[in-house]
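Asks: Before we start, here is the structure in question, set down as structure tokens.
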Amino acid sequence: MKLERILPFAKNLLEKAVTSGTVVVDATLGNGHDTLFLANIVGESGRVYGFDVQEDAIQTSIERLKQHGLEDRVTIFHAGHEQLYKLIPVCHHGKVTAAIFNLGYLPGSDKTIVTKPVTTIAAIEQLLEIMVPEGIIILVIYHGHAEGAVERDALLTYCQEIDQKKAHVLQYRYINQQNNPPFIIAIEKR
Ligand code: SAM
């Protein structure tokens, strides 16, 4: 297949926005895969801020980072991403180059703990305040579960209304696949 698949597309976008020494956000730590990916790229002089509301996700992510000796590059908050403006130190406001949200629930865990549109949107608004121009927010939208479909619709409505003078907003999605595979919304601050 020549067309780029959804998750590699997200990673490629991240690689455009994240370089050695940059400040980035993993808004949904989950099992810590994205945080590990980001920690590798930002290097010793960069910083990853990771958020999750579940203790299991926090512990799994810390363990994964320790296995790779990268825990010193990451600050982990056991808190919702809607608190990111207040929790990310002021010295890094205006310096964030990328943020990733893998929405929905943590596979293999409590499926009642899901991301919610009101908090996801609050976090996006805060990120737009503290990102550099050309900073990129990636939303990976899993909409195969009931709350996921609600979140998808709310995010599409919200994202379509972001002032085009403020950000470029892209949807990357296969439109003829069964079983509601994930798709991407990318927001690039202007
Ligand atoms: N990126 C993860 C990975 O690499 O494994 C997968 C993330 S999983 C799909 C979604 C995560 O979002 C869950 O771990 C859940 O606890 C978390 N979550 C739910 N609401 C949240 C919130 N308000 N702030 C931060 N994380 C939240």
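What follows is calculated from the coordinates using simple rules that are stated; it is not laboratory data. Owing to the predicted nature of the structure, the values given are computational and were not obtained by experimental measurement. Don't worry about glycine lacking a Cβ; one is built from the backbone with ideal geometry, like all the others, and counts go over all protein chains shown.
Asks: Please go through the stretch 44-76 and write out the GluC sites (Glu not before Pro) that DSSP classes as loop and that have at most 13 other C-beta atoms within 10 Å.
Replies: Listed in order of number, the matching sites are Glu44.
Asks: Still on this model: Do any GluC sites (Glu not before Pro) in the stretch 139-170 lie in a loop, going by DSSP, with at most 12 other beta-carbon atoms within 10 Å of their beta carbon, and if so which?
Replies: Here the sparse-neighbourhood loop sites are Glu161.
Asks: With each run of n ≥ 4 DSSP H residues scored as -39500 (n - 2.57), what mean residue ellipticity at 222 nm is computed for the chain after dividing by its residue count and rounding to the nearest 500 deg cm²/dmol?
Replies: So the calculated ellipticity at 222 nm is -11000 deg cm²/dmol.
Asks: State, as an integer percentage, the relative contact order of the stretch 93-141 based on alpha-carbon contacts under 8 Å between residues 6 or more apart.
Replies: Taking the mean separation of contacting Cα pairs over the length of the stretch 93-141, I get 63 percent.
Asks: Just tell me which lysines come within less than 21 Å, Cα to Cα, of Lys189; anything on the same chain fewer than 8 places away is out.
Replies: Partners found: Lys11, Lys16, Lys86, Lys95, Lys165, Lys166.
Asks: Between Thr112 and His92, what length in nm is gained on full extension when 0.36 nm per residue of separation is reduced by their alpha carbon distance?
Replies: Contour length minus the Cα-Cα distance gives 3.9 nm.
Asks: Could you run the Karplus curve 6.51 cos²θ - 1.76 cosθ + 1.60 with θ = phi - 60° over the stretch 91-108 and give me ³J(HN,Hα) per residue in whole Hz, x for Gly and Pro?
Replies: 4, 9, 5, x, 10, 6, 9, 7, 8, 10, 10, 9, 7, x, 10, 7, x, x
Asks: With N set to the residue count of the stretch 37-161, report its C-alpha Rg divided by 2.2 N^0.38 Å to two decimal places.
Replies: Dividing the Cα radius of gyration by 2.2 N^0.38 Å gives 1.07.
Asks: Give me the percent relative contact order of the chain, please, defined on Cα pairs under 8 angstrom at least 6 residues apart.
Replies: Normalised by residue count, the contact order of the chain is 20 percent.
Asks: Quote the relative contact order of the stretch 78-190 in percent (integer), defining contacts as alpha-carbon pairs under 8 Å separated by 6+ residues.
Replies: Rounded, it is 29 percent for the stretch 78-190.
Asks: Give the long-range amide H neighbours of Asp52: residues separated by 5 or more places, or on another chain, with amide H under 5 Å away, using H modelled in the peptide plane at 1.01 Å from N.
Replies: For Asp52, the qualifying residues are Leu29, Phe77, Ala79.
Asks: When the Karplus curve 6.51 cos²θ - 1.76 cosθ + 1.60 is applied with θ = phi - 60°, which whole-Hz ³J(HN,Hα) does each residue of the stretch 24-31 get, with x for Gly and Pro?
Replies: For the stretch 24-31, the Karplus curve yields 9, 10, 9, 6, 9, 4, x, 8 Hz.
Asks: Pull up all non-local amide H partners of Ala98: gap of 5 or more, or a different chain, and H-to-H distance under 5 Å with H placed in the peptide plane.
Replies: Val25, Ile136
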